[in-house]
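A.B. asks: This is the structure I want to talk about, given as structure tokens.
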Amino acid sequence: MIRHKAALKFDFQSEPPAGPEGAFLSFHKGTASQSGGSLKAPVTGTHGWYWNNPTDQNVGIKLRVSGFYSETKQMESGR
């Protein structure tokens with residue numbers, strides 16, 4: 001769930017293991033200040049979220065996940 005005064009660009013996506021290097025499948029993409037939902041993954045492989053903050057404001061994101069997974073990673077890029 002995303003909650004923030006300013007809208008963030010987001011993409012919930014997967015990198016299927018059988019696809020070519022760098023290929024991904026987008027499940028839910030858009031711009032919003034709040035979002036929520038669920039997904040039963042139709043493919044194996046890496047699944048994750050991409051967020052982009054187009055403003056100069058600092059943003060905090062609270063993410064709750066449940067299910068079956070072997071690891072979690074957080075990757076960031078600075079401005």
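A.B. asks: Could you please give the count of residues in the range 50-71 that are exposed (fewer than 10 other Cβ atoms within 10 Å of the Cβ) and either under 16 Å from Leu39 (Cβ atoms) or touching a Phe, Trp or Tyr at 6+ places or on another chain (Cβ under 8 Å) (or both)?
C.D. replies: Summing the residues that are exposed (fewer than 10 other Cβ atoms within 10 Å of the Cβ) and either under 16 Å from Leu39 (Cβ atoms) or touching a Phe, Trp or Tyr at 6+ places or on another chain (Cβ under 8 Å) (or both) in the range 50-71 gives 5.
A.B. asks: Which of the numbered conditions does Leu8 fail, given that it passes all the others? Conditions: (1) of a type outside the set (D, E, K, R); (2) without any contact (Cβ under 8 Å) to a residue 40 or more places away in the chain; (3) surrounded by 14 or more Cβ atoms within 10 Å (Cβ to Cβ).
C.D. replies: Checking Leu8 against (1) of a type outside the set (D, E, K, R); (2) without any contact (Cβ under 8 Å) to a residue 40 or more places away in the chain; (3) surrounded by 14 or more Cβ atoms within 10 Å (Cβ to Cβ), the one that fails is (2).
A.B. asks: Same structure again: Is there a residue being surrounded by 13 or more Cβ atoms within 10 Å (Cβ to Cβ) and in contact with a Phe, Trp or Tyr (Cβ under 8 Å, 6 or more places away or on another chain) anywhere in the range 32-44?
C.D. replies: Yes, that holds for at least one residue.
A.B. asks: Continuing with the same structure: If the requirement is being hydroxyl-bearing (Ser, Thr, Tyr) and surrounded by fewer than 10 Cβ atoms within 10 Å (Cβ to Cβ), which of these qualifies: Ser14, Ser77?
C.D. replies: On inspection, the qualifying residue turns out to be Ser77.
A.B. asks: Something else: Would you confirm whether any residue within the range 37-46 is on the phi > 0 side of the Ramachandran plot, within 14 Å of the chain's Cα centre (by Cα) and not charged (D, E, K, R)?
C.D. replies: Yes, that holds for at least one residue.
A.B. asks: So Thr44 clears everything in (1) without any contact (Cβ under 8 Å) to a residue 40 or more places away in the chain; (2) more than 16 Å from Gly67 (Cα to Cα); (3) of a type in the set (Ser, Thr, Tyr) except one condition, right? Which one?
C.D. replies: Looking at each condition in turn, Thr44 falls short on (2).
Just so you know, all these numbers are worked out from the coordinates, no wet-lab data involved. In this text, all values refer to a predicted model and were calculated from it rather than measured experimentally. Here Cβ is always computed from backbone atoms with ideal geometry, including for glycine, and neighbour counts include all displayed protein chains.
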